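Accompanying notes for the structure given below.
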Amino acid sequence: MKKLLILTSIFLLLGSGQGWSETVEVKIIKSTFIPTVIKVKKGDTVRWVNTEELLHTVTSGKAPMSDGKFNAAYVKKEFEVTLDKAGFYDYYCELHPAIMRGVVIVEDH
């Protein structure tokens, strides 16, 4: 009986609609954000990983104008941001704005 109660409790918790947040990676390879466009859910974390020796930024907005939502000046290894609001988040590298741009699409569910 205890096993049934425990299993039922676990099932109810998992099926309650409360999802788990995830971390999604964007890699910086050869001065390019890969992938360029990603979709995540509200509450997920995006992690940019710089695989190069070159310095880059991850700046929200459309180049050359930052919108101030997030900014990582000079990403040496990695930078993370958790996005809690649905919408489109354009971003770019301030040092290489002509070639390094991307979009994070945050969905409600």
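The values are calculated or read from the model by the stated rules, or taken from the named source; none is laboratory data. The shown structure was predicted, so the numbers you read here are calculated from the model rather than taken from an experiment. With ideal geometry, Cβ positions are generated from the backbone for all residues, glycine too; neighbour counts draw on all protein chains shown.
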From the set of residues in the range 1-31 that are small (Gly, Ala, Ser) and surrounded by 10 or more Cβ atoms within 10 Å (Cβ to Cβ), which is modelled with the lowest pLDDT?
-> Ser9
Looking only at the range 72-89, decide whether some residue is under 17 Å from the mean Cα position of the chain (by Cα), surrounded by fewer than 12 Cβ atoms within 10 Å (Cβ to Cβ), of a type in the set (A, V, I, L, M, F, W, C) and at pLDDT 95 or above.
-> yes
Candidate set: the range 76-109, residues that are of a type in the set (A, V, I, L, M, F, W, C), touching a strand residue (DSSP E or B) at 6+ places or on another chain (Cβ under 7 Å) and assigned to a loop (DSSP other than H, G, I, E, B); chosen: the one farthest from Ile28 (Cα to Cα) | Ala86
Within the range 32-53, considering residues that are part of a loop (DSSP other than H, G, I, E, B) and at pLDDT 95 or above, the one farthest from Phe88 (Cα to Cα) | Glu52
